Amino acid sequence: MPALNRQQLEVIQRPLGERCFLEGKAGCGKTTAAVERLLYLMQAGVPAHQILIYVPQRTVAQPYRQALSVPGVMAGGAVTILTLSGLARRTIETFWPLVVEQAAFGQADEWPVFLTLETAQYFMAKLVQPLLAQGYFASVNLHPNRLYSQILDNLNKAALVGFPHTEIGERLKEAWSGSPGQLSIYDDVQTCANLFRAFCLEHNLLDFSLQVEIFIRYLWPDPLVRQHIQSQYRHLIADNVEEDAPVSHDILRQWLPQFDSALLVYDHGGGYRVFLGADPSSAYSLKQACEVHFTFETSFVTNAALQRFEQSLLWAFGAPPPAPPPQTLHPPIQPLFERFYPQMLERVAEEVAQCIEEEGIPPSQIVILAPYLTDALRFTLADLLEKRQIPLRSHRPSRALREEAEIRCLLTFAALAYPEALPPNTLQEFDLIAALLQAIDGLDLARASLLARIVFRKTDGLPTLSSFEQIQADVQERITYRVGERYERLRRWLEDARSAEPEELEIFFVRLFDELLSQPGYGFYRKERCGELTANLVESARKFRQAFRESMNISMEERNREYLRMVNEGLIAAQYLRSWQAEDEEAVLISPAYTYLLSNRPVEVQFWLDIGSSGWYERLFQPLTQPYVLSRRWQKGQVWTADDEAQVAADNLRRITLGLVARCRQRIYLGYSEYSAAGYEQRGDLLRVLQDSLEMAVRRT
Amino acid sequence: MLKLPPDFIFSQASLQDFLTCPRRFYLRYVRHLVWPSAGGGEAFEWEWRLSLAQDFHHLAHQKALGLPDQLLEPLVQKRSAELFQWWRQLREFWQAEQEATLGGRRYPELTLTAPLGKIRLLAKYDLLIAHPDGQWSIIDWKTAQQRPSTRALHSLVQSRLYPYLLVRAGASLNAGKAVEPEQVSMVYWFANHPDNPETILYSQAQFQADEDFLLRLTEEILGRREADFEQTSDERACAYCPYRTYCERAFVPPSSYEVEENAELLELSLPQDWEQIGEIEY
Ligand code: SF4
């Protein structure tokens, strides 16, 4: 058991029959108390299967899972850990027969198909593409993939905030104060959202928004369902309620009186998932539904000097100046200021190495944070740290599979085996060069280019490969016969696949891997990473196949074509992050600041990169959606102004800096370069705030 | 010592994996290696069987929760003739055993967990019944085409772990009162052989033997070093193992006799999803 203070013990040992609301800033031991409360309930004889841990996202539940897996925890049932989406999906699966007709699904005698983010994007693209050709969204300068995801995002907002999806366009239009041209864009958004919803209903497809809506509108109010759910769980622990959406709070509000005990945990300064519908003020209103209230104020995480720095930050955000400290406390803030961006990264790597080597800080206790995590940044840092033998892991969940060279190699060969799958001239000589480099062991760039230049042919824009045997003898010699033999085997394999009956793409990829690429002489031989990436692609193709139903009347060939086309456009095949991958142990973590904040894991040392960038606090450019306007707090008739925008940026800045400080134990390094990676001068507000507060902290000491 | 994820809990699937092939256990649970599994026509056959088995477990769950048959039936009918046949058998079983095997308080899809030595064990039961006379039945739905022999069934880790855990953790369902081994029986019910279920009666002696077995087994796993997780010498286990190409093992199709005799064990060499029926997380 961790060392607990009196206040924590008081929360842990509250009698049954009470609903408690526990609030405080990050790092004050709220989750520790909630975890201990869970164990206390079990010790007190509460059957574990009657306890529900309710969280906004599964990663938040990690401390609970870990506590429950230790051998010391008593025998009994299993505690259930659920998110809103898990609860909705589980309930829909179980009670589907009750809603299939009521919710007007098109296939009354069929089970539902739950869409993944990528399959939802695919169907959205399928419906929207013909409209783009008709001039929809003509004035928006946005990659189509972002366009699809923003329309989906709007549907999700409607479901999570709890308004009909048919009001999306109207709400956005009403709040718009810019040029009138944008208004027709919102009409286009509405048309597409309606089309998508109608398509899903017709084919029993449930994207995230429809899952939530079906659960809220039909299942939760159903007496049989409600009785089943409420009798199953008698005790509730809901953590990070401020990161959850209003409909989740509505459910909790209605459910709370039924529980034999409840503990709600609210983090001050949270609400980082605003893009996913998080609504701290709606969460805070749950306090009224609880009869016992606790506030934790003392941090278990930050040292005295960091707490001091936190106070000067608060002052920089407008709070009264803090009292002078009783002893001299130099802020544990270390600036790493350089003229150019690469120099700054080099300094960061040096300091990381010093922390590990000289101070003995474990790599897992170091986190490098940036407003955005680009591939370039990830690669540069990985390289710099690798030179110093420091492992690095990254939190960047949405990375398209296509970005991996090994995957592009598999896709290139699929395009050669099924040349009609992609539009003419999609495949280029350099694609083949890259694929050959991956596929054939012992091939260098010069030979790969030479080989590709000779064998890559196009007939009516469709790619084919010619035989090695047709190459002149002296050139064969330059390429080498060994490479030639391997190439020839590969070519014949593709030729066979091309002339055989078409097969499911996932089978094609597995066979290509199995029969050829993982064999001696080929590039994937005994390379686990290649195996894993292929498995990820296979899994993505499988999920894609499973999303189709008979009612759609789509042939296998057509489906394969669609898949290849969509992967090629970067629309689908997001990296498959398996749960265990997220927790790679002894490595320095590099992550976008928001992602790190949500993981709720304090560390000894933080590095903030690029503090001159405005990306730390500015809203993403999202011309088709607006999380604040579509929130529950937004008043009908209000108009979104530049002042609102500035206010949001200021709130974000405050939330993010204070949130990060609260999750740091020892020291923060500030990485700044006068010129950004793109060569622009940077003087964002974060820099100003940090300068002000540091000056203040030094003045007061 | 072996490094498992901090929240790792041993289940019948992982233990059976270790017994079938220590290497597979290592690759799957320690290394978390994802590998493109063998393709070919059988892959779809397995996938289809897996999804039917999942549907059947799902139906049994829905039935236990009281969803009306007439609402479920059209969905089953449309899905597949085989599933519909299983469903009809289930309905008959339900009707006939309403007061006997199924009589009492029902806990469908319930998970129990308990510590043992340095680890935790977990079992997810298809259906647990607390009979009014104090007896307990563990019902496990099986959809294998062949009915495994009694010997094969008794040798499954599941047949030891499930009754053992009910005795260890059942007090939480029994108003704090311990469940005695003699009160427990386990019934394997076969959708394809509904007239031939297998009932295993539990006893104090068996409970003790199972505890020793599970303790020894898990200690052995934890005590091994990476290099000690050897590949199985029985290449038949590799036939449908997802790591077959990784291990560079040839495809040795099991003979029909083996299929019949070891249907259950063969199922356990299927892809992970298959083994996790009833252990699927949200
Ligand atoms: S392929 Fe065979 S040896 Fe390799 S892990 Fe699987 S069962 Fe074990």
Which condition number in (1) within 16 Å of the ligand (Cβ to nearest atom); (2) under 27 Å from B:E109 (Cα atoms); (3) within 11 Å of chain A (Cβ to nearest Cβ) is the one that B:W46 fails? (3)
I'm trying to understand the selection: among the residues of segment B:8-43, which are modelled with pLDDT under 80 and away from the ligand (no atom under 12 Å from the Cβ)? B:G39, B:G40, B:G41, B:E42, B:A43
Within segment B:213-256, restricting attention to residues that are of a type in the set (K, R) and away from the ligand (no atom under 14 Å from the Cβ), which residue is nearest to B:L161 (Cα to Cα)? B:R216
Is segment A:431-442 home to any residue that is in a loop (DSSP other than H, G, I, E, B) and touching a residue at least 40 places away in the same chain (Cβ under 8 Å)? yes
Residue list for segment B:63-82, filter: under 19 Å from A:S551 (Cβ atoms) and not hydroxyl-bearing (S, T, Y): B:P74, B:L75, B:V76, B:Q77, B:K78, B:R79
Is it the case that B:E198 is of a type in the set (D, E) and touching a Phe, Trp or Tyr at 6+ places or on another chain (Cβ under 6 Å)? yes
Identify all residues within segment B:246-257 that are part of a loop (DSSP other than H, G, I, E, B) and modelled with pLDDT under 85; write none if there are none. B:A250, B:F251, B:V252, B:P253, B:P254, B:S255
Could you go through segment A:155-175 and let me know if any residue there is part of a loop (DSSP other than H, G, I, E, B), loosely packed, with under 15 Cβ neighbours inside 10 Å and modelled with pLDDT under 95. no
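Conditions (1) in a loop (DSSP other than H, G, I, E, B); (2) out of contact with any helix residue (DSSP H, G or I) (no Cβ under 8 Å at 6 or more places or on another chain); (3) buried (at least 19 other Cβ atoms within 10 Å of the Cβ), marked per residue:
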position: A:Q307; (1), (2), (3): no, yes, no
position: A:S312; (1), (2), (3): no, no, yes
position: A:H330; (1), (2), (3): yes, no, no
position: A:A349; (1), (2), (3): no, no, yes
position: A:I368; (1), (2), (3): no, no, yes
position: A:T380; (1), (2), (3): no, no, no
Restricting to segment A:194-209, count the residues that are free of Cβ contacts under 8 Å to residues at least 60 places away in the same chain and buried (at least 23 other Cβ atoms within 10 Å of the Cβ). 1
Sort through B:L128, B:L59 and tell me the only one that's more than 16 Å from the ligand (Cβ to nearest atom), free of Cβ contacts under 8 Å to residues at least 60 places away in the same chain, crowded, with 18+ Cβ neighbours inside 10 Å and part of a strand (DSSP E or B). B:L128
For segment A:257-267, give me each residue that is assigned to a loop (DSSP other than H, G, I, E, B) and buried (at least 20 other Cβ atoms within 10 Å of the Cβ). A:F259
List pairs: first residue in segment B:62-73 and free of Cβ contacts under 8 Å to residues at least 24 places away in the same chain and facing chain A (nearest Cβ under 7 Å), second residue hydroxyl-bearing (S, T, Y) and buried (at least 18 other Cβ atoms within 10 Å of the Cβ) anywhere in the structure, Cβ distance under 7 angstrom, at least six positions apart or on different chains. B:Q62/A:T94
Residue under question is B:A178, and the condition is that it be at negative phi, of a type in the set (A, V, I, L, M), without any contact (Cβ under 8 Å) to a residue 40 or more places away in the chain and not in a helix (DSSP H, G or I); does it hold? yes
Could you check segment A:90-113 and list, in sequence order, the residues that are farther than 15 Å from B:H61 by Cα, within 11 Å of chain B (Cβ to nearest Cβ) and buried (at least 21 other Cβ atoms within 10 Å of the Cβ)? A:V100, A:P112
Within segment B:208-239, the count of residues that are outside any helix (DSSP H, G or I) and either free of Cβ contacts under 8 Å to residues at least 40 places away in the same chain or loosely packed, with under 14 Cβ neighbours inside 10 Å (or both) comes to 5
Determine whether segment A:323-330 contains at least one residue that is more than 30 Å from A:A646 (Cβ to Cβ) and modelled with pLDDT of 85 or more. no
Residues of segment B:74-125 satisfying the condition of being more than 8 Å from chain A (Cβ to nearest Cβ), of a type in the set (K, R) and assigned to a helix (DSSP H, G or I): B:R88, B:R91
Subset of segment A:26-54 (residues that are closer than 20 Å to A:V241 by Cα and in a loop (DSSP other than H, G, I, E, B)): A:A26, A:G27, A:C28, A:G29
Could we say that A:Q288 is modelled with pLDDT of 95 or more and within 30 Å of A:V11 (Cα to Cα) here? yes
Given the conditions (1) under 17 Å from A:G659 (Cβ atoms); (2) surrounded by fewer than 22 Cβ atoms within 10 Å (Cβ to Cβ); (3) of a type in the set (D, E), and given that A:D222 satisfies all but one, which numbered condition is not satisfied? (1)
Can you find even one residue in segment B:144-165 that is part of a loop (DSSP other than H, G, I, E, B) and within 21 Å of B:A64 (Cα to Cα)? no
A:T119 being at negative phi and within 14 Å of chain B (Cβ to nearest Cβ): no
Residue under question is B:F18, and the condition is that it be away from chain A (no Cβ under 14 Å), in contact (Cβ under 8 Å) with a residue 12 or more places away in the chain and under 30 Å from B:V179 (Cβ atoms); does it hold? yes
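Let's see how each residue does on (1) more than 14 Å from chain B (Cβ to nearest Cβ); (2) at negative phi; (3) surrounded by 20 or more Cβ atoms within 10 Å (Cβ to Cβ); (4) over 29 Å from the mean Cα position of the chain (by Cα):
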{"residue": "A:P520", "(1), (2), (3), (4)": "no, yes, no, yes"}
{"residue": "A:E528", "(1), (2), (3), (4)": "no, yes, no, no"}
{"residue": "A:G531", "(1), (2), (3), (4)": "no, yes, yes, no"}
{"residue": "A:L571", "(1), (2), (3), (4)": "yes, yes, yes, no"}
Across segment A:55-86, what is the number of residues that are in a helix (DSSP H, G or I) and more than 8 Å from every other protein chain (Cβ to nearest Cβ)? 9
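The values are calculated or read from the model by the stated rules, or taken from the named source; none is laboratory data. All figures in this text were calculated on a predicted structure; none of them were measured in a lab. Virtual Cβ from ideal backbone geometry, glycine too; neighbours counted across all protein chains shown.
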